[in-house]
Structures are given as structure tokens and as C-alpha cells.
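Data first, discussion second: the structure below is written as C-alpha cells.
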Amino acid sequence: MASAAPPPPDAEPPECPVCLSPFDDSSVVPRVLPCGHSLCGSCISSLPPASASAAASSLRCPLCSQCVPFSRALGPSSLPKNLALLSLLPSLPNPSPPRTAGAASAARPLPLPLHAAHSRLLARFRHAILPESASPLHSSPPGHPPAGLALGSIACDLGAPWFCSRGHPVSLLPIDAPAGGAPTQEAAFYRPSHAARVIAAIDALSSAAREEMVDLVAASTRLARRVCRVYGAWMGPDAATLWLVSERHTPGVPPLLNDRSDELETVARVGALGMEVCEALMGLHGEGLVLGCLRLDCFRLDHFGRCLLDLNEVLALCRGVRAGVCLSMDGALVAPEMTVILRDATRTRSHDFNGLIGRNSDVWLLGCILAALVTGEERLAAGWNTDGSYDDWQKEVLARLDAALVGTQLEPLAATTALCLSYEPECRPEIADVWKCIRGSQMKPGADALAPADDIVAQKSFRCLLLGELSSMCSAQAVESDEIVQPSQDSDDKNSTPDDESNCGCSNDESVCTAGTDEPQRNGVFKSSTLLAHRDCVTGLAIGGGFLFSSSYDKTINVWSLQDFSHVQTLKGHEHKITAIVVVDNDNQSLCISGDSGSGIFVWRVGTSLKQEPLNKWYETNDWIYRGVHCLAVSGTGYLYTGSRDKSIKAWSLEDYSLGCTMTGHKSTVSCLAVASGILYSGSWDGSIRSWWLTDHSPLSVLEDDAPGSIAPVLSISTEANFVVSSYENGCLKIWKDDVLVKSEKLQNASIYAVKLNGKWLYTGGLNKAINIQELLEDESELEIRDVASISCDSIVTSILYWNEKLIVGLSNREIKLVSLVKFMVKVGPREARAHYILEWREYNFLSPLCDCAISWKKFQFCILILVFTTRVLRPNQESLTICYSMALYIL
């Protein structure tokens with residue numbers, strides 16, 4: 001029988017599956033267990049016994065978990081050697097001389113078993129660890145590794161799964177582990193292999209950094225013809241730096257901008273490069289990755305002239321942007337909305353960008369890349385953040401695009417690129433549409449079947465490289481800096497005024513709260529401000545004692561000043577998620593009461609100096625299956641009402657906090673409570689609304705819809721005068737007047753979590769991530785609901801509160817939105833604006849005929865100006881009001 005061929009000289013020896021130490025024929029000899037698996041002698045000796053009764057005669061195999069016999073008295077030498085593994089050991093060219101007595105006395109380091117967590121990491125990162133023989137970095141840089149890239153080449157041929165030839169150029173990005181994160185081992189006892197050292201360095205990284213590294217390696221493998229391949233992690237034999245190794249192609253795209261002698265060839269080259277850039281970005285979006293920033297030299301050309309995106313170059317650029325080093329003069333492209341996120345120090349430190357990251361930012365980067373390719377000037381595309389307004393820069397870029405593309409096949413690309421450079425992310429097109437525009441300009445009309453699908457990107461969330469953990473390394477100090485490029489806006493619809501900013505702000509508190517600034521207007525309709533202090537979904541809002549209180553699943557209550565909406569204090573004490581909050585305003589004192597999912601009820605005193613500790617707290621006594629307070633309500637009779645999962649409503653006295661009575665009748669969880677006109681209304685998941693007298697807590701009536709298929713869980717209730725409005729899980733809205741159902745309408749196909757009725761204005765929000773504003777039109781026979789407007793939000797609406805011409809909205813992405821309804825109503829339309837002003841100045845009866853009269857909108861505004869001048873400049877006495885009334889009649 002022919003003998004097996006010897007292994008190649010550069011092949012790595014087989015390793016122990018437990019400690020990953022290479023086998024040899026002297027100290028790390030492979031021994032065969034009775035189950036058939038082979039381990040080194042040191043690992044066998046350190047394995048625990050299978051049971052306490054057979055501690056000296058058995059052990060359990062760590063690979064198959066079988067109980068096998070083993071004599072600890074004889075030791076591992078009693079087990080046979082694995083001769084097949086020993087035959088695979090590479091032969092040494094120069095055999096070592098015989099050991100002397102002095103050399104034998106020197107103790108050789110013994111390998112220790114690999115940690116259990118490292119074993120799991122090795123199973124996941126095995127194909128993302130380059131062998132030590134690859135040696136892509138021929139000489140380690142002295143001192144601390146740079147934040148940029150190091151260049152090298154592969155020292156040997158690599159097989160599966162890398163398939164890289166010897167001498168192939170690569171780039172290396174340093175990855176720093178946190179100080180003290182890597183486990184320390186005594187050198188006298190530990191002989192780590194290359195894989196063990198790499199795994200230990202990866203384990204010292206944060207979980208987000210590990211996930212990002214795995215995503216990059218996997219995405220680059222699947223997008224081999226669109227991005228440069230990211231091979232994986234590697235460490236030098238002596239250095240402690242972990243490197244991310246990626247292939248690198250020498251020719252870049254920027255040199256092509258200088259060669260523009262032939263116009264037809266230049267147009268064809270721009271079209272080909274533009275399509276390949278679109279395909280690379282679409283491929284990354286399909287993998288759930290978003291770049292966030294880009295530069296033209298991040299694209300490389302392979303041996304066949306294809307344009308590939310170098311992810312290591314992108315990460316190095318992201319680090320420079322995060323550190324404030326790469327500005328417009330370096331050609332760094334950062335979308336305007338990304339610069340706003342980078343200025344938020346709290347989000348940057350906590351890496352909490354849920355709901356803020358989308359692929360529209362990369363569409364803006366694509367527009368800048370196309371502008372640089374067409375005009376041949378890279379700095380023109382990166383000059384938006386220099387002196388001058390965004391509109392001026394955009395007009396200059398579009399003028400240059402029109403001049404370069406007029407009369408060519410790519411002339412339609414100018415209009416598409418203009419849409420990509422829109423300041424509003426919602427106005428930018430899909431990358432697939434840009435790809436079709438370029439291809440349609442170069443191909444015949446019958447070639448549209450090869451276009452990519454419009455739904456190629458169906459990701460619910462994206463991982464942004466600019467905001468990721470790998471980009472934050474080597475720039476921890478720069479995160480606090482304000483030298484990030486900032487958008488420049490001169491137009492009113494894209495910049496907030498100082499007055500708006502002063503009216504809606506909040507100060508930092510324990511690095512949790514971020515200053516809330518007015519955002520750009522959406523669709524030119526309204527302006528809003530954002531309050532940030534919570535770390536989880538906002539569950540409730542309440543106003544009392546001159547403060548705004550907000551509760552959250554993060555088990556805290558944040559207190560805001562109603563004067564400037566600055567953050568005052570954070571109340572902590574709950575051990576479970578806070579689900580409801582309410583404020584009681586009495587003559588003597590104001591109390592804030594909160595309930596949580598663990599049936600805990602906390603009472604906080606509201607005053608000029610809020611106390612950190614609760615005034616009182618107690619827990620409902622119920623079975624653990626039905627534990628949890630879902631809703632709260634208070635009445636003028638001195639009682640607190642709680643709705644719970646045990647299908648009951650409990651009345652607690654606010655004097656001694658004792659249980660007054662328990663009201664039962666619902667068949668499922670009580671989800672919402674409301675008090676109006678001496679009546680308590682309760683909504684439940686059983687689809688019914690029950691009313692109770694506040695005087696003796698006796699049941700009054702049951703509000704139900706008998707229509708078939710109309711039963712759905714009640715999620716929210718709002719009352720006003722003799723109206724009761726309820727929202728449901730199936731998107732329905734029902735209105736009751738004097739306990740009679742007068743309107744039932746399905747507003748949307750998603751749950752409505754919050755509803756607020758204020759006069760004739762109705763505000764709803766829920767799973768559709770929008771606030772719907774509607775008007776109730778009542779006549780003698782019926783009630784109609786008229787849609788007025790819709791305000792889009794970034795997340796699910798969980799609670800709505802109306803106060804002082806403002807909507808205060810709680811969202812599931814931990815934000816609190818402040819929407820000014822005065823500005824909103826003025827911009828909705830003449831009729832709505834008239835109704836709003838009449839509602840605001842309702843004590844002056846002469847304005848009532850102005851709403852429906854046939855006067856022009858300008859005349860109506862003039863009447864309002866007269867009224868404002870009379871009441872706020874002059875002294876509002878009977879004589880001035882008579883003059884105002886006469887002038888209004890004259891105008892009519």
C-alpha cells in the first residue's frame with residue numbers, strides 16, 4: 001500500500017480541539033480517548049471526572065460528552081498515541097540536538113484548555129481568522145498602531161475559504177480592544193496558538209464590534225464582484241495588535257478624472273462606473289449595511305477594470321470623520337442628516353441610533369460621487385459644508401452637471417442626480433432608479449428586463465459603518481468634539497430660528513439628556529422639537545405642578561420644566577417597567593403617581609424641589625400571572641384608580657393609600673381609564689367600555705358595538721364633555737355621545753395606541769408612525785370626522801398629550817416630540833386657520849361669523865391683526881373692543 005504524501009512544509013500542524021495548541025511528538029502528544037476523540041495529555045489531565053463516585057476512574061469527553069474510563073493514577077501516558085495525527089506533523093529540516101540535563105530541567109510551558117466562551121467564538125469566527133503563516137504585515141509599525149491603514153501582502157498561498165495567491169496586496173486596519181479587556185495569562189503556564197490569541201483579542205471587543213466584523217466578512221464574501229474581499233482578523237507573532245485584513249487593488253478611481261480627452265469615451269466610462277457604484281451600494285443595503293460617509297478614492301479598480309468598494313478604506317475614512325480630521329478639504333462626503341447625528345454627543349456615546357439610520361444617506365453620497373465623476377472635480381462635491389448656503393452649493397453643482405451632460409446620452413442623469421442631492425432624505429430616489437436611469441440612457445428600450453428589482457432592499461434596520469463600533473475606535477476623544485462638519489442652511493424651511501430653539505430646549509443631565517433643537521420642516525407644514533432623556537420606549541405623559549412628567553420602560557420618570565422644556569430631574573425607584581403615570585393637582589400639594597408592570601404604585605411629591613425618594617409606595621396583591629398595573633386615573637373625590645391585568649379596577653384613597661373597593665366586570669385586562677363629569681370610564685382587552693359612578697363606585701353602563709366582527713381590544717380612551725372616544729387594536733375609532741354610539745370608522749390598518757380629544761379637534765397615533773389630526777363636524781342628525789392633516793414620526797406613537805397649543809407626543813424610540821399647533825394650523829389652510837383663531841379668541845363673539853363668511857383670507861388676517869393689536873398693545877377695555885368690532889364689520 002502506498003504511503004500517504006507528506007504535508008507541505010508551510011502547512012500548520014494539527015491542533016488540540018480544546019486548548020488549540022499544535023500537536024508535537026514531545027510535549028503535546030495526541031492521545032486517543034476510548035470514545036475515539038484525540039486530546040493532548042494536559043487537557044486530559046485537567047478534565048473533571050464524570051461523577052463524584054468514579055472520580056479516579058472516569059472522565060467526560062468535552063467533544064461528545066460521553067463518560068469514558070480513565071485511570072488518573074496512570075495518567076495520560078496510559079492512553080495510546082494517535083499515530084495518524086503524528087504522521088501529519090511537518091518534518092523539521094534540522095533535527096534538534098539531544099537535550100542535556102540542564103535543558104531537561106527547564107520547565108516548558110504547558111497548554112491550558114481553551115475557555116468555553118472562546119470555544120464558541122472559535123466556532124463562529126473560524127473562517128474569519130487568517131492563519132499565522134499569511135503574515136500580511138511584514139514589519140509591525142513601532143509604537144501604537146496608527147488609526148489609518150497599513151499596507152502589506154500575503155506571504156503564502158491561501159486555500160479555502162480565502163483563495164488568495166501569494167503576494168496579493170492587502171490593507172490592514174488596526175482594531176483596538178478596550179484597556180484591560182483582554183484576559184491575562186501567566187506565560188509560564190500558557191502556550192497560546194495563533195488562533196487562541198486572535199480569539200482572545202476578539203473576545204475583548206464589545207459585542208457590537210464583533211457583530212460588525214462578522215457582517216463585514218460575510219457581506220464581502222457574498223459581494224465578491226462589488227466590494228473588496230475582507231479576509232478576516234490576524235495578529236502578528238509578537239505584537240498584541242489585532243488587524244482586519246482586506247484585499248487591496250492599486251489603481252483607484254480618482255486618476256480617471258484627469259483623463260478626459262475623448263468626450264464619448266468619458267461619458268461611457270462615467271456610465272459604467274456609475275452603474276457599478278450603484279450595484280455596490282445596493283448590494284451592501286441588501287446585507288443590511290449603510291456607509292454613512294464616502295470618498296472617491298474608496299473605490300478601486302481590479303485587474304479587469306471593475307469598480308470595487310474598499311471597505312477598509314471606508315472604515316479608515318469613518319474614523320477620520322469621527323475624529324474631526326477628515327473635513328471637506330480631504331474629499332470626505334457626509335450627508336447633512338448624518339452630521340446632525342454626529343453632533344449628538346449622547347447618542348454617539350451610547351451608540352443608540354435606533355430608527356435614525358436609513359439608506360437615504362447613501363443616496364446622497366451616490367449623488368456626490370456621480371457629480372464628481374461627471375464634472376471631474378472631487379472637491380466640488382465635497383464643498384457643501386464650506387462657506388455659503390446649501391442651496392447655493394446645490395445650484396452650482398447642478399449647473400456644472402447640466403453643462404457637462406447636455407447633448408450626451410447621460411443627459412437625463414442630471415435631473416436624477418439633482419434629486420439625490422435633495423436636503424430632505426424623503427425626497428431622494430431609490431438607488432435602483434438611478435441605476436435604471438444610467439442603463440436606460442446607454443441601452444435600447446427593450447433591455448429593461450435586466451433591471452434590478454425595486455424591492456431589492458427589504459431591511460427593517462441597518463448597521464451604519466460611520467456610527468459603528470469599528471469606526472469609533474482610535475477616536476474616542478474626538479467624539480466629544482464639535483468640529484464635525486455641519487450643514488449650512490440659509491432658507492427658513494431648512495433652519496430653525498433662535499426663537500424656536502430657545503422655546504424648545506432641554507439641558508444635559510448626567511450625560512443622558514441631549515439638547516432638543518428644532519428640526520427642519522417636513523413638507524413645509526410644521527416644526528417640532530425633540531426631548532431626549534429616556535433609554536427605552538416612552539409609555540406615559542402627564543402635566544402638573546408646572547412640570548411635564550414622562551415615564552418609560554427604562555424604569556425612570558423624567559421631569560421637564562414647562563417654561564423652556566429643560567430637563568429638571570430623573571426619578572428612580574421602580575424595579576419594573578413603568579406602564580402608566582398620572583398627576584394629581586390638589587389645593588395643598590401636587591402628586592405624581594406611577595405604576596409598573598410588577599404591580600408597584602409609587603407616589604412622588606411635586607414641588608419646587610423634587611425629592612428623589614417616593615413619598616409612598618405599595619404593591620397590589622394579586623396572583624403573579626395577573627401581575628401588573630396597566631393604567632391610572634384620578635378623580636376629584638380623592639381616589640386613585642388602577643386598571644390591572646387581573647381584570648379589575650381598584651380604588652385607592654389618597655389620604656391613607658388604603659384600598660377603598662374593587663370594581664369587577666371586565667373579562668380581560670383593563671387597558672385604559674378616563675374620568676369625566678363624575679363618571680369613570682374603563683376600557684379593556686375584551687373590547688368593551690364600562691362606566692362607573694365616582695360617588696359610590698357602582699356600575700353605570702356598558703358601551704359595546706353589536707356589529708359583527710367589531711370586537712377588538714380597547715387601547716385608549718379620551719373624554720370631552722359628553723363625548724367618549726376610544727381607539728382599538730384593529731385601527732378602528734369609535735365615538736360615543738351620551739353613552740350612544742354615534743360614529744365608528746376604521747382609520748388605518750394598524751393599532752391606534754393613543755387618542756386625544758380637545759374640543760372638536762381629534763389627535764390619534766399608533767403603529768403607523770404618524771399623528772393624525774381630524775375635526776369633528778356635528779349637526780343635528782349625525783357626526784362626521786374630517787381629515788385635516790397627518791404628521792409623520794420616526795417611530796410608533798405611544799402617548800399623546802395636549803397642552804398650551806402644543807402636542808406632546810411620546811414615541812417608542814425613547815423620544816418625546818413637541819409639535820407647535822399654532823404654526824401648523826396657520827399653514828394648513830384658510831378654513832382651518834380661521835377655526836383655530838376663533839377657538840383661541842373664543843371670548844370675542846364677533847369673530848364667529850368670520851369662519852364661514854365669504855371674505856378673503858387676507859381680510860380675515862387683517863381682522864386678526866386688529867384684534868391682536870387691541871388686546872395686547874392697547875388696554876382691552878369696552879371702548880377698544882367696540883372699535884375693533886366696528887372695524888371688523890366695516891371690512892365685512
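The set of residues in the stretch 46-69 being modelled with pLDDT of 85 or more and over 47 Å from the mean Cα position of the chain (by Cα) consists of Leu59, Cys67, Val68, Pro69. Gln563 - would you say it is out of contact with any Asp or Glu (no Cβ under 6 Å at 6 or more places or on another chain), part of a loop (DSSP other than H, G, I, E, B) and not charged (D, E, K, R)? For Gln563, the condition - out of contact with any Asp or Glu (no Cβ under 6 Å at 6 or more places or on another chain), part of a loop (DSSP other than H, G, I, E, B) and not charged (D, E, K, R) - is met. Could you tell me whether any residue of the stretch 266-283 is part of a loop (DSSP other than H, G, I, E, B) and either buried (at least 17 other Cβ atoms within 10 Å of the Cβ) or at pLDDT below 85 (or both)? Scanning the stretch 266-283 turns up no residue that is part of a loop (DSSP other than H, G, I, E, B) and either buried (at least 17 other Cβ atoms within 10 Å of the Cβ) or at pLDDT below 85 (or both). Here is the figure for the stretch 328-366: residues that are open to solvent by less than 10 Å² (accessible area, probe 1.4 Å), of a type outside the set (Gly, Ala, Ser) and modelled with pLDDT under 75 total 1.
Name the one entry in Ala418, Ala432 that is of a type in the set (A, V, I, L, M, F, W, C), surrounded by 17 or more Cβ atoms within 10 Å (Cβ to Cβ) and either within 20 Å of Leu291 (Cβ to Cβ) or at pLDDT below 85 (or both). Of Ala418, Ala432, the one residue that is of a type in the set (A, V, I, L, M, F, W, C), surrounded by 17 or more Cβ atoms within 10 Å (Cβ to Cβ) and either within 20 Å of Leu291 (Cβ to Cβ) or at pLDDT below 85 (or both) is Ala432. For first residues located in the stretch 401-423 and β-branched (Val, Ile, Thr), partners that are outside any helix (DSSP H, G or I) and lie 6+ apart or on another chain with Cβ distances below 8 Å form the pairs Thr416/Pro429.
Which is within 27 Å of Ser552 (Cα to Cα), in contact (Cβ under 8 Å) with a residue 12 or more places away in the chain and surrounded by fewer than 20 Cβ atoms within 10 Å (Cβ to Cβ), of Ala633, Ala676? Just one listed residue meets the conditions, Ala676.
Among the residues of the stretch 29-61, write down those that are open to solvent by less than 70 Å² (accessible area, probe 1.4 Å), more than 21 Å from Leu83 (Cα to Cα) and in a loop (DSSP other than H, G, I, E, B). Hits for the stretch 29-61 are Leu47, Pro49, Ala50, Ser51, Ala54, Ala55, Ser57. Residues in the stretch 551-595 that are open to solvent by 20 Å² or more (accessible area, probe 1.4 Å), in contact (Cβ under 8 Å) with a residue 60 or more places away in the chain and touching a Gly at 6+ places or on another chain (Cβ under 7 Å): Leu562, Asp564, Ser566.
The values are calculated or read from the model by the stated rules, or taken from the named source; none is laboratory data. Keep in mind the model is a prediction, meaning the values are calculated, not measured. Note that we place each Cβ from the backbone using ideal geometry, even for glycine, and neighbour counts take in every protein chain shown. Just the protein is used for accessible areas: all its heavy atoms, side chains included, with ligands, DNA and RNA removed. Shrake-Rupley method; radii C 1.70, N 1.55, O 1.52, S 1.80 Å.
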